[in-house]
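Structure first, then comments.
The values are calculated or read from the model by the stated rules, or taken from the named source; none is laboratory data. In this text the structure is predicted, and so the values were computed from the model without any measurement. Here the Cβ positions follow ideal geometry from the backbone for every residue, glycine too, while neighbour counts run over all protein chains shown. To get the accessible areas, we keep the full protein, side chains included, count just its heavy atoms, and leave off ligands, DNA and RNA. Shrake-Rupley method; radii C 1.70, N 1.55, O 1.52, S 1.80 Å.
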Amino acid sequence: MKHSVKTEQLLSLITCVLMVAAVSLRRDGKLLGHELTGNEKPEVAADSSASLRQDTISQLADGSMVVHTALLASDIKGYAGTVPLDITLRDGKVVGVKALKNTETPDFFSQAGKLLTQWNGKTIAEAESMKVDVVTGATFSSRAIIGNMQRGLAFAAKKNAEDSIGQGFDTSAKAIAGLVVALMAAVVPLFVKNRSYRICQQLLNVGVLGLWCGQFISYTLLISVMSNGMNIALMAVPIVMMATAFVYPLFGRKSHYCNHVCPFGSLQELAGRCVRYKIKMHPRTVKMLDTARKLLWAVLMLCLWTGIWFDWIDYEPFSTFVFSSASWVVIVLAVVFVLLSTVVARPYCRFVCPTGTLLKASQSLKSLQVGK
């Protein structure tokens, strides 16, 4: 019996991975960074031949030179994929930087896009030596823009950019704090069953993982990882989170991520502690709401598979923690559920969350059956 349960869990996990893979192929035509649409371009070095130069540099009528970074920086990823740029140079100086089509979340990328004017007026040498800080709330997109700039400038200056910024281990205080808190949430609850500690961990989840680091599992993250692969050096915290979400259940720790790690789940539970009164819901009502959650998830997944509406993933309330980049619709949605959680236990987690539903499905596909 135990063996059959493990087999069922493993098959459920594989099925959900294939579901996300299908979405990645439908949206990006890629799996783990590899083009699967027949138009894959070979990776090339910055000191490559004239054919690369023809694809990477173009000349404008006024004599300006435009460096296209799509090929040069094909290995540099933002949050949801590559972030190619057009860098316009005139008389050896940067006169403009334009972001090309990408799959980054628009609200986040609009924040990171503020960096595009940082290099204007600088010579190539000056621009290469600049230290440009990432934009708070759009770290991954910012790093991708900076990395693309370094590759493009280095190519224009006819030299290699072997050490692109942002591609090594992030040793900032924020990154280290986020990793420590994520590891605490992953490990300590396995051994400590203490109410005071739980409250402390939830506060850290909200304050550090959520508000400071902006780290959480969402459909955007999962599809990005499936499409582009992972840079282990930059994704230590998401890797720990995904381990608790997908690997822990195979060893009997179901819903560990939702119960002990998720910043928005922690925020709802903390809000619930602020009000003693709780609405008593009839079991039939709870069952109806749970059925509605499963049906909503099915409809949203259908939207992804058919390509009808990919953008719904941008409206999950998790991004509210990065409030400088979150849309007002997402912020309002998050506030409503936090207020509701004062009188109803974790309402978003229990009755709405598409990401949570996917995580439950990866533990057992039976959880998707209506009426159970």
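Suppose R0 equals 30 Å. What FRET efficiency, 1/(1 + (r/R0)^6) with r the Cβ-Cβ distance, do ALA298 and VAL275 give to the nearest 0.05? Mind dumping the intermediate values first?
Values: r = 33 Å, r/R0 = 1.10.
So the FRET efficiency works out to roughly 0.35.
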> Ignoring any ligand, DNA or RNA, what whole percent of the accessible area of the stretch 61-139 comes from carbon and sulfur when the probe is 1.4 angstrom?
Replying inline: 52
> Taking the alpha-carbon set of the chain, what are its Rg and Dmax in Å?
Replying inline: 22.7, 75
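Suppose all protein chains stay in the model; what accessible area per residue would a 1.4 Å probe give for the chain, in Å²?
Working: 18380 Å² over 372 residues.
Accessible surface, normalised per residue, equals 49 Å².
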>> Quick check: convex hull over the Cα atoms of the stretch 208-281, volume per residue in Å³, rounded to an integer?
In response: 128
> How high is the relative contact order of the stretch 291-336, in percent, counting Cα pairs under 8 Å that sit 6 or more residues apart?
Replying inline: 24
> What value, in deg cm²/dmol to 500, does the helix sum -39500 (n - 2.57) over DSSP H runs of n ≥ 4 give at 222 nm once divided by the residues of the chain?
Replying inline: -14000 deg cm²/dmol
> What are the semi-axes of the equivalent ellipsoid of the stretch 166-318, taken as the square roots of 5 times the eigenvalues of the Cα gyration tensor, listed largest first and rounded to whole Å?
Replying inline: 26, 24, 14
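Could you put ASP311, ASP91 in order of accessible surface area, largest first, with the 1.4 Å probe and the full protein assembly present?
On the way: ASP311 90, ASP91 145 Å².
Descending accessible area places them as ASP91, ASP311.
With an 8 Å Cα cut-off and a minimum separation of 6 or more residues, compute the relative contact order for the stretch 67-218 in percent.
Numbers: 202 pairs, mean separation 29.7, N = 152.
The normalised contact order for the stretch 67-218 reaches 20 percent.
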> Principal axis lengths of the stretch 248-319 from Cα atoms, whole Å, largest first?
Replying inline: 44, 31, 28
> Mean separation of Cα pairs under 8 Å and 6+ residues apart, divided by the residue count of the stretch 102-154: what relative contact order is that in percent?
Replying inline: 46
>> How large a share of the accessible area of the stretch 233-372, in percent, is made up of carbon and sulfur atoms when the probe is 1.4 Å and the other protein chains stay in place?
In response: 72
